[in-house]
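Reviewing the structure listed below.
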């Protein structure tokens with residue numbers, strides 16, 4: 001039932017406020033401490049504030065930001081469906097078209113197509129949409145087929161020898177674990193989509209869910225800098241335990257007292273803004 005305007009406002013206010021906060025915090029840690037990340041030039045910082053550093057060909061200030069372009073790209077392409085009017089049929093067609101594009105993009109050798117389609121990330125988004133349709137309506141053989149195809153493609157790209165998700169020259173875990181973990185996550189989301197977890201009503205899960213994004217964006221630079229300073233002086237388990245606990249507390253405080261007020265103010269401002277292409281009233 002959302003209009004393109006509603007969709008745009010909800011996504012912008014969800015992603016950008018916390019992302020900007022994380023950039024400021026990470027930049028302060030990098031520039032003001034002897035962190036292991038070096039001192040990037042200001043151009044990288046400016047590009048990162050746009051969240052468009054990947055298509056601009058600029059490195060991420062923090063390596064965990066790599067996930068944001070696939071997410072932003074999904075919102076940009078799915079906005080076309082929202083603009084045309086969301087319906088069950090159109091979402092299913094979108095899933096099918098994106099699956100075909102993800103399969104064709106690596107062989108097409110068209111960098112722009114690969115950049116937009118994001119073949120290695122596409123199966124997870126497509127499966128997520130199919131799971132939501134199961135949750136919203138009911139499971140059907142078509143939706144299960146979309147999920148099964150997405151699962152197979154996810155494992156294909158995950159284990160690809162070159163150009164896939166992992167760099168096997170620098171990180172080579174037992175590949176069986178990758179298959180097991182990915183499959184378990186698919187099964188967990190399936191259980192949620194089928195309603196098997198409706199009996200879980202703990203309100204704290206909502207708070208925990210809102211903290212995942214701040215924790216994800218803040219943990220790497222701060223955590224690795226702490227490890228860099230104290231890795232040789234503190235027992236590993238104690239260091240990890242204290243650091244993780246402190247980051248969880250920091251994520252809650254940032255979300256509660258910084259991100260949420262900024263997002264609410266930004267939402268109010270955008271809700272009153274004119275989005276049409278007509279020029280505003282001329283000055284007298």
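The numbers here are math on the coordinates, done by the rules we state, and not lab data. Please read these numbers as outputs of a predicted model, since none were measured by experiment. Methodologically, a virtual Cβ is constructed for each residue, glycine included, from the backbone with ideal geometry; neighbour enumeration extends over all protein chains shown.
Which whole-number percentage describes the relative contact order of the chain, with Cα contacts under 8 Å and a sequence gap of 6 or more? Write down the numbers at each step before the final one.
Values: 212 pairs, mean separation 65.9, N = 284.
With pairs under 8 Å counted, the relative contact order is 23 percent.
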Mean projected area (nm²) of the alpha-carbon convex hull when region 140-251 is viewed from all directions: 10.2 nm²
Using a 7 Å offset from the Cα along the Cα-to-Cβ direction at both residue 180 and residue 229, what is the distance between the two label points in nm, to one decimal? 3.7 nm
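Going by the alpha-carbon gyration tensor, a ≥ b ≥ c the square roots of its eigenvalues, is the chain rounded (a/c under 1.5) or, if a/c is not under 1.5, prolate (a/b greater than b/c) versus oblate? Please report the intermediate quantities before stating the final value.
Working: a/c = 1.41, a/b = 1.12, b/c = 1.26.
Judged from the Cα gyration tensor, the chain comes out rounded (a/c under 1.5).
Taking 0.36 nm per intervening residue step and subtracting the Cα-Cα distance, what contour gain separates residue 194 from residue 66 on full extension?
On the way: separation 128, 0.36 × 128 = 46.08 nm, distance 3.07 nm.
Length gained, residue 194 through residue 66: 43.0 nm.
Which of the three applies to region 68-188, rounded, prolate or oblate, going by the alpha-carbon gyration tensor with a ≥ b ≥ c and a/c under 1.5 meaning rounded? All intermediate terms of the calculation are to be shown ahead of the outcome.
Numbers: a/c = 2.23, a/b = 1.32, b/c = 1.69.
In terms of gyration-tensor shape, oblate.
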What fraction, in whole percent, of alpha-carbon pairs in region 208-269 exceed 17 Å separation? 47 percent
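What is the packing order of peptides 203-209, 241-247, taking the mean over residues of other C-beta atoms within 10 Å and listing the highest first? Each step should come with its number before you reach the end.
Working: 203-209: 9.7, 241-247: 14.0.
Highest mean packing first, the order is 241-247, 203-209.
How much length would be gained if the chain were fully extended between residue 238 and residue 172, taking 0.36 nm per residue of separation minus their Cα-Cα distance, in nm to one decimal?
Extending this stretch completely gives an extra 21.1 nm.
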Please give the length that would be gained between residue 266 and residue 14 if that part of the chain were fully extended, namely 0.36 nm times their separation in residues minus their C-alpha to C-alpha distance (nm, one decimal). 89.7 nm
